[in-house]
Amino acid sequence: MIGGGQLARMTHQAAIALGQTLRVLAASPEDPAAQVSPDVVIGAHTDADALARVAEGAAALTFDHEHVPTELLAALVDAGVNVAPPPQALIHAQDKVVMRRRLEELGAPIPRFAEVAEPSDVDAFAARIDGPIVVKTARGGYDGRGVTLAADLAEARAVTERYLADGTAVLLEERVDMRRELSALVARSPFGQGAAWPVVQSVQRDGICVEVIAPAPNLDDDLRGAAEQLGLRLAGELGVVGVLAVELFETVDGTLLVNELAMRPHNTGHWTMNGAVTSQFEQHLRAVLDYPLGATAPIAPVTVMANVLGAAHAPEMGMDERLHHLFARLPEAKVHLYGKSERPGRKIGHVNVLGAAGGSVDDAAYVAEVRERAVRAAHWLSHGEWTDGWDEHGA
């Protein structure tokens, strides 16, 4: 796996259960996956020699991020390496302009967009859509980086000019009037088998996913089916091997629009580690190794994943003591920590909480109670304080 982050770390856990060894290309021995994998190559994902070393003798080469130059991957393919997903598929998760063009060709529902060659293109696009504009870098953005929700035309023009001056390709999109964000997570094998997990709702703050509710509450059956089928169709049309996350907008008028694609395990699939028959990490390995895919059914009426983000000021209480108090108070919480140092806004782990049997994902009170426990647990691990004022020592 190219990349030594938390996705590779959690994929390594799944590899152990399958009797496999996961070799990792990490930038540093301190990377999350490098801390736990016995087979690590230290190097850059832009270094052809490092890529060749990590691929040598491997049954398959896959990714925990999409930033490897496709020309380097094409050279590996030419050398006989089984790259999964292949570079001709991965490019659609690397370059938003390429992705938008291809989705338009396939008739997939997308926001109106425009490629930018010069600043005047912003004015032309604004006149065409007559509404707010989102300015995106075509490559490299994630967790809200490289995305500007322009307040007005002047800001859209200024941001575009700054990107273009830096030699950065720019994509313009209309800002969607949405009800919420959804994610359709699917997997596809080289044999062509596909599998879809339930569509989930993701909650974003400052461009970062902070919470996932699985399945998405009060989602129309037709819309749910359409989202799952869209994910499976795109996986097939684009030639994906492995996990594909299709991030979606559910608009206020009840339609779906594709926002982003990711061809790897994804934050919106972390709930599957405890809440589904087969986790996204096991499924990704099954797919790239061309095993039959696993069952994707949920094992609880609702599972809520809450990300543990570094606090503005790290708590005086160490993480081990925070875990002690969390497990004493919420023994049902399933914690996954990434081995990262704490810094503001950094994803250092996540918590999964499953709802009790007999509930319904469409019962607002039931879902709210599970959400509260998951958020309370994650906030405690981040800040060392309880959202409900609990005094762990006084209690």
**OP:** Filter the range 130-141 down to residues that are at pLDDT 90 or above and closer than 19 Å to residue 165 by Cβ and give me whichever is surrounded by the fewest Cβ atoms within 10 Å (Cβ to Cβ).
**Re:** 137
**OP:** Report, by residue number, each residue of the range 158-181 that is under 12 Å from residue 134 (Cα atoms) and crowded, with 16+ Cβ neighbours inside 10 Å.
**Re:** 159, 160, 170, 171, 172, 173, 174, 176
Subject >> Lone qualifier among 132, 87 - being over 24 Å from residue 9 (Cα atoms) and not aliphatic (A, V, I, L, M) >> reply: 132
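For every residue, the table says whether it meets (1) more than 17 Å from the chain's Cα centre (by Cα); (2) in contact (Cβ under 8 Å) with a residue 40 or more places away in the chain; (3) crowded, with 17+ Cβ neighbours inside 10 Å; (4) assigned to a helix (DSSP H, G or I).
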{"position": "154", "(1), (2), (3), (4)": "yes, no, no, yes"}
{"position": "212", "(1), (2), (3), (4)": "no, yes, yes, no"}
{"position": "230", "(1), (2), (3), (4)": "yes, yes, yes, yes"}
{"position": "234", "(1), (2), (3), (4)": "no, yes, yes, yes"}
{"position": "240", "(1), (2), (3), (4)": "no, yes, yes, no"}
**OP:** Determine which member of the set 376, 329, 346 is touching a Lys or Arg at 6+ places or on another chain (Cβ under 7 Å) and of a type in the set (Lys, Arg).
**Re:** 346
Original post:
If we keep just the residues of the range 85-129 that are surrounded by 15 or more Cβ atoms within 10 Å (Cβ to Cβ), over 26 Å from the mean Cα position of the chain (by Cα) and of a type in the set (A, V, I, L, M, F, W, C), which is nearest to residue 139 (Cα to Cα)?
Top reply: 116
Subject >> Given (1) closer than 24 Å to residue 65 by Cβ; (2) surrounded by 14 or more Cβ atoms within 10 Å (Cβ to Cβ), index of the condition residue 145 fails >> reply: (2)
Original post:
Residues of the range 81-115 being over 26 Å from residue 256 (Cβ atoms) and among the β-branched types (Val, Ile, Thr), which ones?
Top reply: 81, 83
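So which of 329, 343 is more than 19 Å from the chain's Cα centre (by Cα), surrounded by fewer than 19 Cβ atoms within 10 Å (Cβ to Cβ) and more than 25 Å from residue 208 (Cα to Cα)?
Numbers: 343 fails: more than 25 Å from residue 208 (Cα to Cα).
Testing whether each residue is more than 19 Å from the chain's Cα centre (by Cα), surrounded by fewer than 19 Cβ atoms within 10 Å (Cβ to Cβ) and more than 25 Å from residue 208 (Cα to Cα) leaves just 329.
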**OP:** From 216, 195, grab the single residue that is assigned by TED's automatic domain parsing to the domain that holds residue 250 and in contact with a Gly (Cβ under 8 Å, 6 or more places away or on another chain).
**Re:** 195
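What do you reckon, is residue 255 surrounded by 19 or more Cβ atoms within 10 Å (Cβ to Cβ) and of a type in the set (Val, Ile, Thr)?
It is false that residue 255 is surrounded by 19 or more Cβ atoms within 10 Å (Cβ to Cβ) and of a type in the set (Val, Ile, Thr).
Go through the residues of the range 223-245 one by one and say whether even a single one is assigned by TED's automatic domain parsing to the domain that holds residue 293, in contact with a Gly (Cβ under 8 Å, 6 or more places away or on another chain) and under 22 Å from residue 306 (Cβ atoms).
Yes, the range 223-245 contains at least one residue that is assigned by TED's automatic domain parsing to the domain that holds residue 293, in contact with a Gly (Cβ under 8 Å, 6 or more places away or on another chain) and under 22 Å from residue 306 (Cβ atoms).
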Original post:
What number of residues within the range 55-82 satisfy the criterion of being surrounded by 14 or more Cβ atoms within 10 Å (Cβ to Cβ), over 16 Å from residue 20 (Cα atoms) and of a type in the set (Gly, Ala, Ser)?
Top reply: 2
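Given the structure, is residue 228 in contact with a strand residue (DSSP E or B) (Cβ under 7 Å, 6 or more places away or on another chain) and modelled with pLDDT of 95 or more?
Details: in contact with a strand residue (DSSP E or B) (Cβ under 7 Å, 6 or more places away or on another chain): yes; modelled with pLDDT of 95 or more: yes.
When the stated conditions are applied, residue 228 passes them.
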**OP:** Using the structure shown, decide if residue 364 is buried (at least 16 other Cβ atoms within 10 Å of the Cβ), hydrophobic (A, V, I, L, M, F, W, C) and not assigned by TED's automatic domain parsing to the domain that holds residue 28.
**Re:** no
Subject >> Within the range 290-302, considering residues that are hydrophobic (A, V, I, L, M, F, W, C) and crowded, with 18+ Cβ neighbours inside 10 Å, the one farthest from the chain's Cα centre (by Cα) >> reply: 300
Original post:
Could you say whether any residue in the range 250-257 is modelled with pLDDT under 95 and on the phi > 0 side of the Ramachandran plot?
Top reply: yes
**OP:** Might you let me know whether the range 123-144 holds any residue that is at negative phi, among the aromatic types (Phe, Trp, Tyr) and assigned by TED's automatic domain parsing to the domain that holds residue 286?
**Re:** no
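The values are calculated or read from the model by the stated rules, or taken from the named source; none is laboratory data. In this text, all values refer to a predicted model and were calculated from it rather than measured experimentally. Cβ sites come from the backbone with ideal geometry, for glycine too, and all protein chains shown count toward neighbours.
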